[in-house]
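The next block holds one structure in the form of C-alpha cells; read it before the comments.
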Amino acid sequence: MLSENFLYIEPLNTNAGIAYTLNDFNVKSKTVSDLKQAMAGLIPEVADNYWNDQILATLGILSTILKTLHFTHMEGQPLSLSNVPINLTIGELKARLVSEKSISNDGVFYSWAKKNLEDNQRLMDYGIGEGSTIVIGHRKRGG
C-alpha cells in the first residue's frame, strides 16, 4: 500500500522506461540534501555519483488514485476508467477494462509513450498519471 506522501522519480537520461517511487518522503519537511540521500539509497546511479551534484530527474507529487485514465482503441473507440489506483498492474487494468467496458484482450497490446506495457508492471512504474492516454492496438499476424 502506498502512502499519501511519495515522489515519483524518472531519470531523464534513459529511454528504458525505468521509474522509481520514493515512499514516505514529505517534501514539506525535507531538504534537497535529504532528497539526494534518499535517492542515492534507491537509485544506483545516484550512489555512484552518476548525477554529481545535480538531480536530473522528473519529480512530481502524484495522487495515489487517477481520477481519469483514457484509452484509445485502434478501432477508434475512446474509452476511460475512473478512480484507478496508480499501483494497479497492467494485468489488473486489462481485467478491469474487460469487466467494465466489455472489450476483448485477445490479440491486442497496450502501449503508452511508445512503450509496450507489461502485465506485471504497475501504472506508476511507467509514470502513467492523471489524464494519460493508453493505446490499445492490434497485434499483427505472422510477424
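After finding the eigenvalues of the alpha carbon gyration tensor for the stretch 65-138, what semi-axes result from the square roots of 5 times each, listed largest first in whole Å?
The equivalent ellipsoid of the stretch 65-138 has semi-axes of 16, 13, 12 Å.
Given the Cα-Cα distance of R96 and D119 and 0.36 nm per residue of separation, how much length would full extension add, in nm?
7.0 nm
With a cut-off of at most 10 other beta carbons within 10 Å, and DSSP calling the residue loop, which trypsin sites (Lys or Arg not before Pro) in the stretch 104-143 qualify? Please list them.
Listed in order of number, the matching sites are K114, R139, K140, R141.
Report, by chain and number, residues whose modeled amide H sits under 5 Å from the one on I65, excluding near sequence neighbours (fewer than 5 apart, same chain).
When sequence neighbours closer than 5 places are left aside, the close amide H contacts are I86.
Identify the GluC sites (Glu not before Pro) of the stretch 65-143 meeting these criteria: DSSP loop state and at most 15 other C-beta atoms within 10 Å of the C-beta.
Listed in order of number, the matching sites are E75, E118, E130.
Over 28 Å between C-alpha atoms is what I'm after, so list which of K101/K140; K36/K114; K115/K140; K67/K140 land there.
Over 28 Å apart, Cα to Cα: K36/K114; K67/K140.
How large is ³J(HN,Hα) for each residue in the stretch 91-107, as worked out from phi by the Karplus curve 6.51 cos²θ - 1.76 cosθ + 1.60 (θ = phi - 60°), to whole Hz, x for Gly and Pro?
Using θ = phi - 60°, the values come out as x, 5, 5, 4, 4, 5, 5, 4, 5, 8, 10, 6, 9, 9, 9, 6, x Hz.
Spin-label point model (7 Å from Cα, Cβ direction): what's the S104 to I65 distance in nm?
Result: 3.4 nm between the two label points.
Every number in this text was worked out from the coordinates using simple rules, so none of it is lab data. Just so we're clear, the structure is a prediction, and the values are computed from it rather than from any experiment. Cβ coordinates were reconstructed from backbone atoms using ideal geometry, including for glycine residues, and neighbour counts include every protein chain displayed.
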